[in-house]
Amino acid sequence: MHPTFDLTADERQKLWNQLFEKFENYYSNTSSLAVSPDLNLENIQNFISKCPIGDAIEPHLAMDFVIEGLSKFAVHTPHPMYYGLYNPRTTFPSILGDAIGAAFNPQLAAWSHAPFANEVENYVIREFGEKFGFTDNCDGTFASGGAEANLTAVLVALCSKFPDYLNNGLQSLSKIPVFYASSESHHSFVKAARTAGLGIHALKFIPVNGKYKMDIEKLKSQIQSDISDGFEPFMVIATAGTTGAGIIDPINEIGKIANQYKIWFHVDAAYGGAAILNTNIKHVLSGIEKADSITFDAHKWLSVPMAASLFLTSHQQILDQTFRISTHYMPKDAEGMEVIDPYTHSIQWSRRFTGLKLYMSLLTFGWDGYDKVIQHQIDMGNLLRLELIKNNWTIYNETELPVICFSDKSLNHKQDFARFFCSKIIESGKAWISAYKIGNDETLRACITNYSTTEYHIKEMIELLNQFRNEFVKLM
Ligand SMILES: *Cc1c(COP(=O)(O)O)cnc(C)c1O
């Protein structure tokens with residue numbers, strides 16, 4: 001063993017203590033930091049160049065340096081005034097989970113190398129499968145993110161419709177495969193279309209109706225005309241919680257159409273899937289139980305570190321059919337046992353214990369804890385809506401989820417309306433917010449993505465918005 005790579009027990013003790021202090025300072029005082037960083041590239045590069053990697057500095061200096069860099073040059077998503085893009089403050093137990101995973105470094109590729117870790121992940125997958133209504137048959141895998149889970153969905157859907165594709169590729173198919181998602185769906189499906197070799201024209205965007213949900217009549221007519229034109233539809237995606245405006249597509253109706261045309265029905269619930277854990281709003285996901293597969297990101301509304309996504313399916317054999325492979329170099333210790341080696345069951349090979357952070361958080365808070373914290377975020381979303389309306393802002397999206405797109409109708413025809421507010425708010429260091437275009441209207445988008453956001457922070461946000469509105473009016 002290299003004599004210094006472990007450091008000494010004494011040094012490790014000192015580093016843990018120092019880390020604890022720094023970390024605790026960040027975690028308990030996040031709200032005293034400016035939410036957004038200095039984006040001056042030169043400053044950032046100069047900062048990095050202060051510590052060349054060849055120099056082998058003391059580990060405590062390396063730690064100080066990295067923590068300083070992250071404190072100065074990052075958007076602080078754990079900040080209660082980060083009204084951002086589904087990036088959470090992470091629960092303390094989930095942080096412990098990530099640290100434990102790094103230290104034990106279990107290799108989950110083969111079941112026999114990490115039986116505890118693999119059985120924990122299987123347990124968590126079964127539990128979530130049951131929550132979503134996959135009662136008899138449920139299979140799944142942890143993925144590195146929603147993008148990987150959505151690519152997995154496209155691959156299994158292709159395998160389901162065209163089993164020969166696995167051996168002979170798309171060129172062996174007599175008809176060109178096409179699939180469908182709404183124009184508000186996530187662009188990871190565009191990448192999936194490319195990665196799978198389908199090409200982006202294989203993905204047909206279905207227009208949305210006045211409520212920004214997939215227009216069902218347009219879906220039907222697109223499928224019909226594609227069939228008459230000689231294409232072969234193989235998959236339709238319902239988005240449960242669009243990235244822009246938190247809109248939930250009509251899951252039941254899309255499921256019925258998928259069933260009618262015998263095509264794979266996937267629900268991209270990367271963000272909105274968390275609603276299943278809340279007693280009061282889980283009904284918004286009604287119909288998800290009929291899905292062939294689901295994408296659900298724990299690193300969004302379940303407040304665990306990036307990235308932990310679940311791909312769930314109600315078809316127990318499909319992951320095996322799509323990804324099965326056999327090698328001589330992988331361990332065979334579990335041969336004869338009724339277990340699955342994850343490397344034969346998913347895109348990844350070497351795998352970290354992705355499910356641990358979620359498991360640790362669930363062990364600590366339980367389903368009930370999540371039910372309540374999700375309710376709190378919904379309540380804060382409703383409060384923000386209420387306060388916005390009271391202050392003459394207009395809400396543009398209708399959703400039970402705490403994502404609010406709003407604007408001032410008397411001002412948002414002016415050029416750079418949204419950009420003005422976003423940059424003013426971000427420059428103030430007090431909050432973070434984004435812009436989203438709804439129809440032809442520029443809106444501001446605020447998501448209660450942080451469980452520590454309280455009434456106080458909502459009122460602060462309203463004050464900021466009103467203040468910058470006054471400035472905007474003066475500029476006109
Ligand atoms: C975030 C998101 C994704 C992508 O997930 P990543 O975890 O960022 O890869 C996919 N679909 C929807 C609806 C999302 O909101």
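Quick notes on this one:
- Here the Karplus curve 6.51 cos²θ - 1.76 cosθ + 1.60, taken at θ = phi - 60°, turns the phi angles of region 276-288 into couplings of 4, 8, 10, 3, 7, 10, 5, 4, 5, 9, 3, x, 5 Hz, with x standing for Gly and Pro.
- Expressed as a whole percent, the accessible surface of region 123-179 that belongs to carbon and sulfur atoms is 43, based on a 1.4 Å probe.
- Cβ-based net charge around residue 38, under 13 Å, with every Lys or Arg adding one and every Asp or Glu removing one: -2
- Taking 21 Å as the limit for the C-alpha separation, the pairs 414/459; 218/282; 22/459; 50/72; 191/218; 175/204 exceed it in the case of 414/459; 218/282; 22/459; 191/218.
- With every protein chain in place, region 365-419: carbon and sulfur % of accessible area (1.4 Å): 51 percent
- Computed over region 286-329, the Cα gyration tensor eigenvalues convert (square root of 5λ each) into semi-axes of 25, 19, 5 Å, ordered from largest to smallest.
- Candidate aspartates and glutamates - alpha carbon under 16 Å from residue 332, same-chain residues fewer than 8 apart omitted: 341
- Summarised in one figure, the compactness ratio Rg/Rh of region 224-287, Cα atoms and Kirkwood Rh, is 1.07.
- In this calculation the C-beta distance from residue 8 to residue 28 is compared with R0 = 35 Å, giving a FRET efficiency of 0.70.
- If you wrap the tightest convex hull around every Cα atom of region 274-371 and split its volume per residue, you get 130 Å³.
- Estimated from helical segments only, the mean residue ellipticity of the chain at 222 nm is -14000 deg cm²/dmol, where each DSSP H run of four or more residues counts as -39500 (n - 2.57).
- Here residue 216 and residue 40 are evaluated by their C-beta separation; at R0 = 45 Å the FRET efficiency comes out at 0.40.
- Note: region 91-212, Cα convex hull, 177 Å³ per residue.
- Above 43 Å, the calculated P(r) of the chain contains 21 percent of its Cα-Cα pairs.
- Length added when fully stretched, residue 467-residue 63, from 0.36 nm per residue minus Cα-Cα: 141.5 nm
- The alpha-carbon of residue 437 sits under 14 angstrom from the alpha-carbons of these aspartates and glutamates, leaving out residues fewer than 8 places away in its chain: 184, 408, 416.
- Highest mean packing comes first when the peptides 163-170, 462-469 are listed by Cβ atoms within 10 Å, giving 462-469, 163-170.
- Translational diffusion of region 8-87, µm² s⁻¹ [Kirkwood Rh, Cα pairs; Stokes-Einstein; 37 °C; 0.692 mPa s]: 229 µm²/s
- Global dimensions of region 60-127 from alpha-carbon coordinates: Rg and Dmax equal 16.6, 45 Å.
- Beta bridges per DSSP, both residues in the chain: antiparallel share near 55 percent.
- Hits among aspartates and glutamates - C-alpha to C-alpha of residue 131 under 12 Å, sequence gap 8 or more where chains match: 289
- For residue 140, distant residues with modelled amide H under 5 Å away: 313
- Per residue solvent-accessible surface (Å²) - the chain, probe of 1.4 Å: 48 Å²
- P(r) tail fraction, region 192-258 - alpha-carbon pairs more than 15 Å apart, %: 57 percent
- Whether region 384-476 is rounded, prolate or oblate, judged on the alpha carbon gyration tensor where a/c under 1.5 counts as rounded: oblate
- For region 280-341, the carbon plus sulfur part of the accessible surface works out to 50%, probe radius 1.4 Å.
- Label zone (residue 102, point 7 Å along Cα-to-C-beta; backbone nitrogen cut-off 14 Å) within region 12-27: 15-24.
- Once both labels are positioned 7 Å from their Cα atoms along Cα-to-Cβ, the gap between residue 413 and residue 168 label points is 6.0 nm.
- Unit Cα scatterers, Debye sum, region 319-366: log10 I(q)/I(0) for q = 0.19, 0.26, 0.28 Å⁻¹: -0.76, -1.01, -1.08
- Using a Förster distance of 25 Å, the FRET efficiency for residue 392-residue 75 (Cβ separation, nearest 0.05): 0.30
- Distance from region 344-414 to region 47-93 (C-alpha centre basis), Å: 24 Å
- Ligands, DNA and RNA aside, residue 454 has an accessible area near 60 Å² when probed at 1.4 Å.
- Taking the inverse of the mean 1/r over every pair of distinct Cα atoms in region 258-322 gives a Kirkwood hydrodynamic radius of 12.9 Å.
The values are calculated or read from the model by the stated rules, or taken from the named source; none is laboratory data. Computed from a predicted model, the values in this text were never measured in an experiment. Glycine also receives a Cβ, built like all others from the backbone with ideal geometry; neighbour counts cover every protein chain displayed. Ligands, DNA and RNA are stripped out before the accessible areas are found, and what is left, the full protein with its side chains, is counted by its heavy atoms. Shrake-Rupley method; radii C 1.70, N 1.55, O 1.52, S 1.80 Å.
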